[in-house]
Amino acid sequence: MNKTEYLTKLTNELGHMPYGDVKDIIQSIEEHFEEGISEGRSEEEIAESLGDPKELAVEFKDGAKFKQIIKKRKMSDNFKGPDGRGRIFVIVFNAFVGIELWLVLLAAIVAAFMFLAGDAGIIGVIIAAMIMGKITEFIVPFIFLVLTLVCVAVFLVVLLILGIKYYIKGLKGYIRWNKNVWNYGLGED
């Protein structure tokens, strides 16, 4: 497959990605072809070294950068299979550290949700009591309490939004790292 055919197939496979990302990817691949040609390699050899355009597109969709993919391709040329140590490490690490850590982080997010729900309930009760006139002599402290609880609630909402966002992002990276160690081992001795 020559350069034009390869880039056409890759562009078709990247179809649903944002235009700017596809443009950057295609530009990086074109530069890779130009470098390879200047080193005396044929377009077919370069295309073969990049692998199937469909598989390459999947890696780009998973968030990999071109330099990472090329580095992985070079490593996989010398790769003879996992050495077993990586798989044992993943199992032991997840059994004693990894899974527990992610569960603790998830528990912290759930606890923040529970606190936020309790906070909203307290605010509701205090406001209802003020409306019914049951808290007349302590009105000023209760107003400050409500304002404080509202500020805490706003802070918790922001914290939860960021916490969930980075929890998901971190968990995806952690799973990707596990798959990498599982498939490629711990590296050279």
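For this structure, a couple of remarks:
- Rounded to the nearest 0.05, the FRET efficiency derived from the C-beta distance between Phe142 and Ala117 at R0 = 30 Å is 0.90.
- For the pair Ile131 and Glu48 in one chain, pulling the backbone fully straight at 0.36 nm per residue adds 22.4 nm over the alpha carbon distance.
- Label-point separation, Cys151 to Val110 (7 Å along Cα→Cβ), nm: 3.1
- Which listed pairs, of Lys3/Lys172; Lys54/Lys169; Lys9/Lys165; Lys3/Lys165, have C-alpha distances above 29 Å, in listed order: Lys3/Lys172; Lys9/Lys165; Lys3/Lys165
- Where GluC sites (Glu not before Pro) fall in DSSP loop in segment 21-65, at most 14 other Cβ within 10 Å: Glu39
- The residues Val104, Val157, when put in order of fewest to most other Cβ atoms within 10 Å, stand as Val104, Val157.
- Ranked for footprinting exposure by Cβ neighbours inside 10 Å, fewest first, Asp21, Asp62 give Asp62, Asp21.
Here, each number is a calculation from the coordinates, and none is a lab measurement. Note that the structure is predicted; figures quoted are calculated from it, not measured. For neighbour counting, all protein chains shown are included, and Cβ atoms are generated from backbone atoms with ideal geometry for every residue, glycine included.
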